[in-house]
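Participant: The structure is given below, and queries will be raised subsequently.
The values are calculated or read from the model by the stated rules, or taken from the named source; none is laboratory data. Keep in mind it's a predicted model, so treat the numbers as computed, not measured. Here the Cβ is made from the backbone with ideal geometry for all residues, glycine too, and neighbour counts use every protein chain on show. Surface accessibility is based on the protein's heavy atoms, side chains included, excluding ligands, DNA and RNA. Shrake-Rupley method; radii C 1.70, N 1.55, O 1.52, S 1.80 Å.
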Amino acid sequence: MMDDQALLRYSRQIMLPEVDIEGQERLQSAHALIIGAGGLGSPAALYLAAAGVGRITIADADHVELSNLQRQIAHQQKSVGLNKALSAQASMQALNPHCEIVALDKHLEGDELGRLVASAYVVLDCTDRFSSRYAVNAASQKAGIPLISGAAIRFSGQLAVFDPRNAASPCYACLYPPDDSGDEALSCAESGVMAPLVGLIGCFQAVEAFKLLSGAGTAHQGLSTFDGLIGQWRHFQVPRDPACPVCAQFR
């Protein structure tokens, strides 16, 4: 049960009819897993902590560099040299000490990735490599846990929600077949990125996580892309591939 301080803290959400007390309590009892504490993971983590998600696990093996501070808002000048997950944990706890924040300073893979995904209510993929995205997607499909995938590079961003509980929902591999993707995605270090763009996409991921965890609204369908140079969103319907090498084996 929420005390008076919690009711005050979350009052602007509780007054929303789609959320109400019941939705806020669902947020407080939920567990979100955020993989990646960089440009996308930073705003997503901060907003989910501020919104009152009861338990958030955030994982990242990298350390904060000066060039990260242009866009990775969970980190500060004093964070340079620190592990990103631990740095983000400190920022999240400073924002909302009532959330349980678990920081994992390592790359998740194999059985450990599978166990953590299965323990979560929702997974946010905030990585920037195809190899990581495929691994997270496979673990999400196997465990039947919704996956919110974001990406941002240069002036372009995209978001998709893959929900294995929905028989019609595609998975990441339906959208990007492994044979067509190449070995790795472009990284910001190699191609550059506009600072507010990652915030926009990371916040979009947080919005979808909020809805899935609270029960408010309807989860995003298909693929949305954003062109930051002209300020235009485009939306695409993406069917599930019945021959997908990943999700077909779990449906």
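Participant: Which Rg and Dmax, in Å, describe the Cα atoms of segment 25-123?
Facilitator: According to the Cα coordinates of segment 25-123, Rg and Dmax are 12.7, 38 Å.
Participant: Another question, then. What nm distance separates the two modelled labels at residue 76 and residue 238, each placed 7 Å from Cα along Cα→Cβ?
Facilitator: Modelled inter-label distance: 3.7 nm.
Participant: Can I ask one more? Classify segment 103-251: rounded, prolate or oblate, from the alpha-carbon gyration tensor (a ≥ b ≥ c, eigenvalue square roots; a/c under 1.5 rounded; otherwise prolate if a/b is larger than b/c)?
Facilitator: rounded
Participant: Right, another one. What label, among [x] -0.55, -0.78, -0.92; [y] -0.71, -0.91, -1.02; [z] -0.80, -1.04, -1.15, belongs to log10 I(q)/I(0) by the Debye sum over Cα atoms at q = 0.11, 0.13, 0.14 Å⁻¹ computed from the structure on display?
Facilitator: [x]
Participant: Can you give me the accessible area per residue for the chain, using a 1.4 Å probe, in Å²?
Facilitator: Result: 47 Å² per residue.
Participant: Just tell me, in residue order, which DSSP H segments of the chain are both 30 angstrom or longer along the helix axis (alpha-carbon based) and at least 1.6 in mean Kyte-Doolittle hydropathy.
Facilitator: none
Participant: Another one. Please find the FRET efficiency linking residue 115 to residue 251, where r is the Cβ-Cβ separation and R0 is fixed at 25 Å, and quote it to the nearest 0.05.
Facilitator: My answer for the efficiency is 0.70.
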